[in-house]
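Participant: Questions regarding the structure given below will be posed in turn.
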Amino acid sequence: MKVIATIGELRAALKSERLAGKTIGLVPTMGYLHVGHMELVRRSKAAADVTVVSIFVNPTQFGPNEDLSTYPRDMEGDLGKLRAEGVDYAFTPEVAEIYRPGADTIVDTPVLSRILIGKIRPGHFRGVTTVVTKLFNIVQPDHAFFGEKDYQQLTIIRRMVADLDMPIEITGVATVREEDGVACSSRNAMLTPADRKAAVVLSRSLARAEELAAKGQRSVSAIRNAVRSVLEAEKRGQIESVDIRDAQTLDPVSGKFRQPAVILLTVRFGKVRLIDQRVVG
Ligand code: PAF
């Protein structure tokens with residue numbers, strides 16, 4: 001595996017791969033890799049000839065009072081995992097390589113980025129779409145892979161790729177879960193042991209919703225109430241949001257849903273914000 005930190009060097013290496021007729025898969029990450037990331041890597045290796053994994057903790061997607069400085073990092077451990085998985089290139093730029101002095105361009109999806117998590121984290125998705133566009137321009141991948149756990153992020157990236165005619169196939173990969181059902185996330189490492197145990201309430205509440213939907217329940221309020229009552233029973237978690245939206249567009253749904261709906265949860269344990277999601281119907 002080649003570890004490359006500059007845009008110029010990565011572009012030169014990938015140009016040779018392209019000239020040799022190889023297709024390129026990109027897995028953008030912020031590092032502290034877990035089994036969920038490795039599933040994205042496996043999907044990329046199956047779909048493309050060459051896999052590039054970027055490791056970049058993107059400062060522009062963190063708000064002023066968010067966890068940028070405490071975001072977990074383990075570059076050596078990450079590179080070991082990527083080598084073991086047979087990744088071809090790890091792109092590990094410094095912040096100054098990605099954001100150069102005088103930069104004045106952003107990429108924004110002003111409607112989708114300001115709802116749901118975008119309301120709780122103003123500016124977050126603008127940071128994501130800007131850095132993902134830059135990574136797409138640097139790597140020029142044929143395929144790119146994102147986890148479905150970050151459902152709104154995936155929806156926004158699909159929208160951006162369609163709107164800006166980016167010739168990239170976006171693949172959403174199902175959430176990988178730990179043994180007790182908690183969605184794999186780099187932020188799980190920031191939970192206290194008691195909060196980590198309590199975090200199972202998110203997937204438990206979604207399982208309850210799925211059970212109801214499987215029995216034919218389509219009432220948005222009945223499903224929301226059922227999810228909330230499971231979440232409220234766990235006093236360690238502070239519920240930030242329980243939303244039920246159209247699974248394709250993220251438009252609000254009310255009354256009874258007729259198309260698949262996605263349940264989106266945001267729950268805080270101390271300072272750590274966890275999200276999870278499930279598509280039902
Ligand atoms: O999902 C993430 O880890 C980040 O938002 C991404 C897509 C790598 C952009 O920084």
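The values are calculated or read from the model by the stated rules, or taken from the named source; none is laboratory data. It should be emphasised that the depicted structure is a prediction, and the values quoted were computed from it without experimental measurement. For neighbour counting, all protein chains shown are included, and Cβ atoms are generated from backbone atoms with ideal geometry for every residue, glycine included. SASA here: full protein model, heavy atoms, side chains in, ligands and nucleic acids out. Shrake-Rupley method; radii C 1.70, N 1.55, O 1.52, S 1.80 Å.
Participant: Within the stretch 131-158, track down each residue that is within 12 Å of the ligand (Cβ to nearest atom) and either of a type in the set (F, W, Y) or in a loop (DSSP other than H, G, I, E, B) (or both).
Facilitator: F136, F145, F146, E148, K149, D150, Y151 - these are the residues of the stretch 131-158 that are within 12 Å of the ligand (Cβ to nearest atom) and either of a type in the set (F, W, Y) or in a loop (DSSP other than H, G, I, E, B) (or both).
Participant: Among the numbered conditions (1) within 13 Å of the ligand (Cβ to nearest atom); (2) in a helix (DSSP H, G or I); (3) of a type in the set (G, A, S), tell me where G172 comes up short.
Facilitator: All conditions are met except number (2).
Participant: While we're here: Residues in the stretch 183-192: is at least one surrounded by 15 or more Cβ atoms within 10 Å (Cβ to Cβ), of a type in the set (S, T, Y), closer than 19 Å to R278 by Cα and within 16 Å of the ligand (Cβ to nearest atom)?
Facilitator: yes
Participant: Considering only the stretch 63-99, how many residues are without any contact (Cβ under 8 Å) to a residue 40 or more places away in the chain and either closer than 27 Å to I24 by Cβ or open to solvent by less than 50 Å² (accessible area, probe 1.4 Å) (or both)?
Facilitator: The total comes to 5.
Participant: Turning to a different aspect of this structure: Taking the residues in the stretch 264-281 that are more than 17 Å from the chain's Cα centre (by Cα) and open to solvent by 40 Å² or more (accessible area, probe 1.4 Å) as candidates, determine which candidate is farthest from K197 (Cα to Cα).
Facilitator: Selected residue: G281.
Participant: Can you pull out every residue in the stretch 212-221 that is of a type in the set (A, V, I, L, M, F, W, C), open to solvent by 20 Å² or more (accessible area, probe 1.4 Å) and either under 15 Å from L264 (Cα atoms) or touching a strand residue (DSSP E or B) at 6+ places or on another chain (Cβ under 7 Å) (or both)?
Facilitator: none
Participant: Among the numbered criteria (1) β-branched (V, I, T); (2) part of a loop (DSSP other than H, G, I, E, B); (3) open to solvent by 50 Å² or more (accessible area, probe 1.4 Å), which one does T60 miss?
Facilitator: (2)
Participant: On to the next question. Within the stretch 194-208, track down each residue that is assigned to a helix (DSSP H, G or I) and either closer than 14 Å to L265 by Cβ or among the aliphatic types (A, V, I, L, M) (or both).
Facilitator: Once the filter is applied, which keeps residues that are assigned to a helix (DSSP H, G or I) and either closer than 14 Å to L265 by Cβ or among the aliphatic types (A, V, I, L, M) (or both), the stretch 194-208 yields A194, A198, V200, V201, L202, S203, R204, S205, L206, A207, R208.
Participant: Checking I157 against (1) loosely packed, with under 14 Cβ neighbours inside 10 Å; (2) of a type in the set (A, V, I, L, M); (3) in contact with a Ser or Thr (Cβ under 8 Å, 6 or more places away or on another chain), which single condition isn't satisfied?
Facilitator: Unmet for I157, out of (1) loosely packed, with under 14 Cβ neighbours inside 10 Å; (2) of a type in the set (A, V, I, L, M); (3) in contact with a Ser or Thr (Cβ under 8 Å, 6 or more places away or on another chain): (1).
Participant: Is it the case that some residue within the stretch 22-40 is touching a residue at least 60 places away in the same chain (Cβ under 8 Å), of a type in the set (S, T, Y) and in contact with a strand residue (DSSP E or B) (Cβ under 6 Å, 6 or more places away or on another chain)?
Facilitator: no
Participant: From the set of residues in the stretch 117-130 that are of a type in the set (A, V, I, L, M, F, W, C) and open to solvent by 20 Å² or more (accessible area, probe 1.4 Å), which is nearest to the ligand (Cβ to nearest atom)?
Facilitator: From the stretch 117-130, those of a type in the set (A, V, I, L, M, F, W, C) are 117, 120, 125, 128; that's our starting set.
If we keep only those that are open to solvent by 20 Å² or more (accessible area, probe 1.4 Å) as well, we get 117, 120.
Numbers: I117: 11, I120: 15 Å.
Ranking the candidates gives I117 first.
Participant: What number goes with the only condition from (1) on the phi < 0 side of the Ramachandran plot; (2) assigned to a loop (DSSP other than H, G, I, E, B); (3) without any contact (Cβ under 8 Å) to a residue 40 or more places away in the chain that G102 does not pass?
Facilitator: (1)
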